1. Rounded, prolate or oblate for the range 155-297? Axes are the square roots of the Cα gyration tensor eigenvalues, ordered a ≥ b ≥ c, and the cut-off for rounded is a/c under 1.5.
2. By the gyration tensor of its Cα atoms, with a ≥ b ≥ c the square roots of the eigenvalues, what is the shape of the range 254-308: rounded for a/c under 1.5, prolate for a/b over b/c, or oblate?
3. Rank the residues 235, 254, 148 as a footprinting-exposure proxy: fewest other Cβ atoms within 10 Å of their Cβ go first.
4. Taking the mean number of other Cβ atoms within 10 Å as a proxy for protection, how do you rank 284-296, 80-92 from highest to lowest?
5. Calculate how steeply helix 229-238 sits against the longest principal axis of the alpha-carbon atoms of the chain, using the helix alpha-carbon long axis, and give the answer as 0 to 90 degrees to the nearest 10.
6. With a ≥ b ≥ c taken as the square roots of the eigenvalues of the C-alpha gyration tensor of the range 163-241, please select rounded if a/c is under 1.5 and otherwise prolate if a/b is larger than b/c or oblate if it is not?
7. How much FRET efficiency would the formula 1/(1 + (r/R0)^6) give for residue 50 and residue 30, where r is the Cβ-Cβ distance and R0 is 22 Å, rounded to 0.05?
8. Hey, what number do you get for the chain at 222 nm if only DSSP H runs of n ≥ 4 count, each worth -39500 (n - 2.57), divided across all residues, to the nearest 500?
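Since every read-out is calculated from the coordinates, none of them should be taken as a lab result. Quick caveat, the model's predicted, so the values are computed rather than measured. Using ideal geometry, Cβ is built from the backbone for each residue, glycine included, and neighbour counts are taken over all protein chains shown.
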Ligand code: NDP
Ligand code: OXD
């Protein structure tokens, strides 16, 4: 049973050591070390070379080294190959930190104060109590729920939206298209933590963002493909959206001439909201391979028909 690893070399070095110490029965090879593609049962990758999947004729499972799986070309993945996203504490902790930092920065008007500083303007803004600030999260999965739970102690009025119905203590939960408008109406700060699928591509468009209260702010930590960029730019111009914190863009990196770089009301970060932590991720992967070998359900297995 051999795992082929095709991602970041430094992480690969750490994974190799952990596999050797804790799962010595699972062979660990990189693309350069692979002599027999038919021996590979598991592939751990972010963006594998195009022709690789065709060569791995006995592959059982493709494990994403990150939380998302939208980077894979599903048409190239035979239906019997199981697809698994990464769920591990490092990714969740990173996302919780980033999302809380971004929500607090918007709640406490940091974008506004940045503009005032550059204009040499000493201009205090009346403080809005957290209880009067409504924060909504699109996507109530592994990350969306962790973010909402971390925001709870601040006292914000919290809500969440997902495909199926969820129940969370202290969070007003909305589900499906029918309840989307009601959800959006109650978000002064909207956080997107959806996966990118055929259904969610372009979901942050004029129609959706116009349903937010006038002057609401956006945090996109999902994928660049969720956002219709020119809609955001015109809504910012109109003041309907007051600010945006964007960790993801399409493409990445953003082209040098892109208007987001210099926009005074956009804060950009280079897809760093969270990062796979090498040691905890290796152990999460080993645990999933053990589940697969035992015929048990794996954590983070993707429903191929749902696309996430
Ligand atoms: P999950 O699969 O655990 O959760 C996805 C959530 O989105 C679920 O609640 C699901 O609903 C909901 N959802 C999916 N499709 C729809 C839809 N059409 N309408 C409404 N809700 C929908 O994903 P994670 O929480 O692990 O990750 C979410 C995304 O975060 C990743 O796919 C990735 O794009 C992004 N990410 C970004 C990172 C960064 O650094 N910027 C790092 C890690 C992840 P339901 O519960 O009903 O199934
Ligand atoms: C992601 C990740 O999916 O970095 O964005 O894990």
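1. Oblate shape, in that a/c is at least 1.5 and b/c is the bigger or equal ratio.
2. It is prolate, given that a/c is not under 1.5 and a/b is the larger ratio.
3. 254, 235, 148
4. Packing proxy ranking, top to bottom: 80-92, 284-296.
5. Once rounded, the angle reads 10 degrees.
6. Oblate, since a/c reaches 1.5 and b/c is not below a/b.
7. 0.80
8. Taken over the chain, the calculation gives -9000 deg cm²/dmol.
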